[in-house]
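The values are calculated or read from the model by the stated rules, or taken from the named source; none is laboratory data. Computed from a prediction, not measured in an experiment: that's the story for all the values here. Glycine also receives a Cβ, built like all others from the backbone with ideal geometry; neighbour counts cover every protein chain displayed.
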Amino acid sequence: MPHIDIMIEDSRWEDAALGPLATRAFSASFDALALSDTFEVSLLGCDDARIAGLNADFRGKPSPTNVLSWPSTDLSSQTPGGAPDQPDTADPELGDIAIAYETCQREATEQQKPFEDHVSHLLVHGLLHLLGYDHENEPDAALMEGLEREILAKMGVPDPY
C-alpha cells in the first residue's frame, strides 16, 4: 500500500471517508501498474473556495474544479499515446493532489453516480496525472481513460465515461 499523507481542511471529507477511499483507489492503481508501494502521495481534502484559489494560482483559472494534481517529476511520454516513464524508487514522492468536496458532490448528483464511485474515479485520475498520464490529446486521453476504466472495474466501480 502506498504511503498517503492526508490533510483534511473540510470536515465533510472525514464523514465521506476520504482516507479509506484514497487507500483503496491508490492501492488498486499501484497494483494495476505494478508499482512498488514505497511511493508517497500527499492528498488535500478541501472545499470549492480553497481549490478555486489553487486553480487560480497554478493554472490561471479562478474557479473551482474537482481535482488538481502537482507531480513531483514530469514522467510524461514525449510520444502521444505513449506510456509515461516509470517513477524512480530513489525519489519516492510522487506529488500532491487536491480534491474539492462541493464540486465532487455536485458532479456525482448531476451524473447520477454514487459519491464514493465518483470520488474514487477522481482519485485514480489525479494519481495517474502524478504518474505522467494526461488527456491533452486523443491518443493520451485514450490511454489514460482506458487505464482508469481498468482500475475502476477491478474496484467494482462502473465505467465513469
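Checked against the criterion of being under 23 Å from Ile51 (Cβ atoms) and outside any loop (DSSP other than H, G, I, E, B), the candidates Asp140, Asp134, Asp74, Asp117 yield just one match: Asp117. Does the stretch 131-143 contain any residue that is of a type outside the set (S, T, N, Q) and surrounded by 22 or more Cβ atoms within 10 Å (Cβ to Cβ)? Looking for residues that are of a type outside the set (S, T, N, Q) and surrounded by 22 or more Cβ atoms within 10 Å (Cβ to Cβ), one finds at least one in the stretch 131-143, hence yes.
Test Gln112 against the stated conditions and say whether it is surrounded by fewer than 22 Cβ atoms within 10 Å (Cβ to Cβ), at pLDDT 95 or above and either of a type outside the set (S, T, N, Q) or outside any loop (DSSP other than H, G, I, E, B) (or both). So Gln112 fails the test.
When we screen Asp96, Asp10, Asp88, Asp37 for residues that are assigned to a loop (DSSP other than H, G, I, E, B) and crowded, with 19+ Cβ neighbours inside 10 Å, the only hit is Asp10.
Got a sec? Which of Glu9, Glu14, Glu93, Glu40 is touching a Cys at 6+ places or on another chain (Cβ under 6 Å) and over 24 Å from Ala142 (Cβ atoms)?
One residue alone meets the criteria, Glu9.
Taking the stretch 13-34 as the range and being under 23 Å from Pro84 (Cβ atoms) and assigned to a loop (DSSP other than H, G, I, E, B) as the test, only Ala34 passes. Every condition in (1) touching a helix residue (DSSP H, G or I) at 6+ places or on another chain (Cβ under 9 Å); (2) of a type in the set (Ser, Thr, Tyr); (3) under 15 Å from Ala98 (Cα atoms) holds for Ser11 except the one numbered (1). What about Phe26, is it aromatic (Phe, Trp, Tyr), buried (at least 16 other Cβ atoms within 10 Å of the Cβ) and out of contact with any strand residue (DSSP E or B) (no Cβ under 9 Å at 6 or more places or on another chain)? No, not satisfied.
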